[in-house]
Amino acid sequence: MNDNSYILYDLHEHAFERNGLQLAFASIESLTPFAGVDLAKIPTIEENGVRYYLLDLPDYLKVYTASSKDGYRKNTINKNDQQKINLIKKALDENKQ
């Protein structure tokens, strides 16, 4: 990341920033124990030798709900997590109609 001019700004979250763009990394295998996401059901695509996992809204809701309970995130960025949870719930409700 440093070689691509990204600056680490949050070691705990493995988060980097460059020119206002923020990104963070996590192990895909951690999604099941952390948030109850079933890895076998996540669709994937592969492009240029890179595999991307495509979470759906219910899975994102699981992840952000679990994240909002994490002590570190709860004390530092809980407002952002709650905003995302609210948006996801709204989108899921709209999709039901």
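Values quoted throughout were computed directly from the atomic coordinates according to the rules given, and no laboratory measurement underlies them. Because the structure is predicted, anything quoted here is derived from the model rather than measured. Cβ sites come from the backbone with ideal geometry, for glycine too, and all protein chains shown count toward neighbours.
Structural remarks
- Gaussian network model of the chain, Cα within-10 Å springs - most flexible of Asn80, Asn19, Asn48: Asn48
- Whichever aspartates and glutamates have a C-alpha closer than 19 Å to that of Lys84, once near sequence neighbours (fewer than 8 apart) are set aside: Glu13, Asp56, Asp59, Asp70, Asp93, Glu94
- Ranked by how many other beta carbons lie within 10 Å on average, peptides 8-14, 49-55 from highest: 8-14, 49-55
- Among Tyr53, Pro43, Ile85 - extreme Cα towards positive end, dipole of the chain, charges at beta-carbon: Ile85
- The charge dipole of the chain, taken about its Cα centre with unit charges on the Cβ of Lys, Arg, Asp and Glu (plus for the first two, minus for the last two), comes to roughly 440 debye.
- For the chain: relative contact order, % (alpha-carbon pairs under 8 angstrom, 6 or more apart): 14 percent
- Mean projected area of the convex hull spanned by the Cα atoms of the chain, taken over all viewing directions: 7.9 nm².
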